[in-house]
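Everything below concerns the one structure shown next.
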2 protein chains.
Amino acid sequence: MATRHGDTLLFSQPPVISAWAAVGGKKEGEGPLAPGFDELCQDNRFGQSSWEAAEKYLQLRAARLCLQKGKVAQQQIELALAGDLQAQCTASSYTMRELGVPFAGVFGACSTMAETLALGAALCSGGYARRLLAMTSSHFCAAERQFRTPLSYGAVRTPTAQWTATAAGCCLVQAEGRGPRITAAAFGRVQDYAIKDINNMGAAMAPAAAATLLRYFEDTHTDHQDYDCIYTGDLGQVGSGLLHELLAAEGLLVKNHLDCGCLLYDPARQKVKSGASGSGCCAAVLCTRILPRLARGGQERVLFVATGALMSQTTFLQKESIPAVAHLVELRGAENGEGEA
Amino acid sequence: MATRHGDTLLFSQPPVISAWAAVGGKKEGEGPLAPGFDELCQDNRFGQSSWEAAEKYLQLRAARLCLQKGKVAQQQIELALAGDLQAQCTASSYTMRELGVPFAGVFGACSTMAETLALGAALCSGGYARRLLAMTSSHFCAAERQFRTPLSYGAVRTPTAQWTATAAGCCLVQAEGRGPRITAAAFGRVQDYAIKDINNMGAAMAPAAAATLLRYFEDTHTDHQDYDCIYTGDLGQVGSGLLHELLAAEGLLVKNHLDCGCLLYDPARQKVKSGASGSGCCAAVLCTRILPRLARGGQERVLFVATGALMSQTTFLQKESIPAVAHLVELRGAENGEGEA
């Protein structure tokens, strides 16, 4: 069960993330979080015939590795919550064709990982599922084709551009068990600061992150200092700077903030301009860094705020501005041990 | 709270649909369900600059009319669950930019209405929201551009083709109150019978409807005769025939089945080939026919099984087959009066 305070759900019996897995591509394997991945592949096609099929493969691998680590059979999964960046979320739907579990598709763009965890936690805590998967993916090449220009054009990337991660992450959420706990969740409200630059997602999404965070602090009577770390994703360098400005304008000088978009790649060695992005970025950073630290006791209480830019190539060509949303889950250290992962 | 039987959630305190609204375009206004719509427009552009913006307008109107009929202020809405057929679900996201309520995006293609009701019912019955919106839309012109050929090509429609509805529907789901009740829900498993014809959605989706229905009967120890009507959507004429064949092969001769795709337009007068489709079709039939009958006592217990074809233009061009899913909610007559609509 849960109590509601404003937009926030506080779970009285917090569900746990009992296992997790992340799979990544070549660039992810060259980054600082490489040791945390469960599987990395030098071939970004993953042996598939298209980038889209490669992304499906990524997501499916993450799910299967997660089930394996959680020592849970596919048949024991009561629901999968998944979404991705491809038009009509096909990476997820085609993954589910292989997985064969009950499936509710979600769309939150790069906020998908937090959205699936928030919905999943509510469903588990309410007794609607004992065991479910929350997952997402992205693929650099599939996303570029989807949102920007074909890769073969060789378009020059602007300084504000972010690099879509080729990665997938999957969490096994359980009503009971061992592992980091999801103690609260909040669904965001859409914000639009009239940004129209498709190569500046950070600027479009920073206001959504700020709005959700500020509301959460108010709902829970906490402030940023109550958390070991506030993880956002994926604002990148540019968006993170803007988030700090927006929070400073409200009197909050946040020193304990890290952005998933700034963690996945090495800014000095890997040419990613403003950082990483894509639904798979947050998911991968969650599974390779955030959850392991919570499980090991390195951190005890963190916020995971994933942001999504909700435009499409069509709305971009129609000169619409870019709305964004940020969903939040509060994660706490494992109470009864590390979890299986 | 709920109990789970197999894939089925039975709500011990069923949430209610206390208000609903449907908005449609020109063709919908010429069909047999026209009198049930809350608003109809002769101009399919709804005064907007693009088909995509027109769909956003449709969805927003449906939401506002629903709030008005439910006598509920926007500020009282704790969550909106919405999705649509546009790439990256932009009709819903741009609607939410205007509406400003907490928003969790879903993707279920034409099954979206049932998916939002199923998730919404679980969240309301679990105490996570007292009041939320479950909604979706589709627009013929936006969908043709999205999935098939530009309208101006004037492509000839095949006999199995369905006509995407220009319509939106919105339901106000409440934990308590008056109106038809959502007594059970089941999320479907993805089915793929290797259909590759983008103009034969009925054939792609019929196996999903059959699978979800058969599993539901098993989970609940009921059979088709326990229901006043089994509504599917949107299989159209072709898909409905295939559903009957699939059920007959399991020994079920279902006489009380109606398909939303066969109800929205008049097959004799309106040239729609196999029938209607699009997320807005199910939503509109629900709000103009199914819910009013349940509220008035004309029907007491029905199943609403919405199917979605989970392909995209990209997967079609890549010669992938079309996976499909069907989500189900069981609806019962209003116990404490009609509801507000």
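Each value in this text was obtained by applying a stated rule to the coordinates, not by laboratory testing. None of the values given here were measured: they were computed from a predicted structure. Here Cβ is always computed from backbone atoms with ideal geometry, including for glycine, and neighbour counts include all displayed protein chains.
Observations on the structure shown:
- Chain B - share of DSSP beta bridges that are antiparallel (%, nearest 5): 65 percent
- If R0 is 35 Å, the Cβ-Cβ spacing of A:Ala34 and A:Gln13 corresponds to a FRET efficiency of close to 0.45.
- Look at A:Ser12, A:Ser279 and count the other Cβ atoms within 10 Å of each Cβ; fewest to most, that gives A:Ser12, A:Ser279.
- Number of partner chain Cβ atoms within 10 Å, mean per residue of B:187-195: 5
- Take A:Gly298, move 7 Å from Cα toward the beta carbon, and the resulting point lies 6.3 nm from the same point in each other copy, nearest first.
- Sparse packing (at most 10 other Cβ atoms within 10 Å of the Cβ) combined with a DSSP loop state is found for the following GluC sites (Glu not before Pro) in segment B:217-250: B:Glu250.
- Distances in nm from A:Gly154 to the matching label points in the other copies, shortest first (labels 7 Å along Cα to Cβ): 4.2
- Peptides A:129-142, B:29-42, A:178-191 ranked from most to least packed give A:129-142, A:178-191, B:29-42, packing being the mean of other C-beta atoms within 10 angstrom over each peptide's residues.
- Spatial extent of chain B: Rg and Dmax, with the Cα atoms as the point set, Å: 18.1, 53
- Student exercise, chain B dipole from Lys, Arg, Asp, Glu Cβ charges, in Debye to nearest 20: 660 debye
- Remark: mean inter-chain Cβ contacts per residue of A:259-268 equal 0, using a 10 Å Cβ-Cβ cutoff to other protein chain atoms.
- Three-way shape label, segment B:235-296, alpha-carbon gyration tensor, a/c 1.5: oblate
- Bridge type composition, segment A:1-154 - antiparallel percent by DSSP, nearest 5: 25 percent
- Helix-only mean residue ellipticity at 222 nm for chain B, each DSSP H run of n ≥ 4 adding -39500 (n - 2.57), per residue, nearest 500: -9500 deg cm²/dmol
- Stretching the chain fully between B:Arg296 and B:Arg4 yields a gain of 102.1 nm (0.36 nm per residue, less the alpha carbon separation).
- Sorting B:Ser49, A:Ser321 by the number of Cβ atoms found within 10 Å of their own Cβ, with the fewest placed first, yields B:Ser49, A:Ser321.
- Segment B:137-213 and segment A:262-318 have Cα centres separated by 33 Å.
- Charged-residue dipole, Cβ positions (Lys, Arg, Asp, Glu), the protein assembly as shown about Cα centre, Debye nearest 20: 740 debye
- Global form of segment A:134-236, assessed from the alpha-carbon gyration tensor, a/c cut-off 1.5: oblate
- Spacing of the two label points (7 Å from each Cα toward its C-beta) at A:Asp197 and A:Thr149, in nm: 1.6 nm
- Neighbour counts of C-beta atoms inside 10 Å place A:Val272, B:Val156 in the sequence B:Val156, A:Val272, starting with the fewest.
- Entries in A:Lys26/A:Lys319; B:Lys196/B:Lys271; B:Lys27/B:Lys69; B:Lys26/B:Lys273; A:Lys26/A:Lys56; A:Lys69/B:Lys319 that, when Cα-Cα distance is taken, lie over 27 Å: A:Lys26/A:Lys319; A:Lys69/B:Lys319
- The protein assembly as shown: antiparallel DSSP beta bridges as a percent of all, rounded to 5: 65 percent
- The residue among B:Leu60, B:Ala134, B:Cys110 whose Cα reaches farthest toward the positive pole of the charge dipole of chain B, with charges on the beta-carbon of Lys, Arg, Asp and Glu, is B:Leu60.
- Derived scalar couplings ³J(HN,Hα) [segment B:136-147; Karplus, 6.51 cos²θ - 1.76 cosθ + 1.60; whole Hz; x for Gly, Pro]: 6, 7, 8, 9, 3, 6, 5, 6, 4, 4, 6, 10
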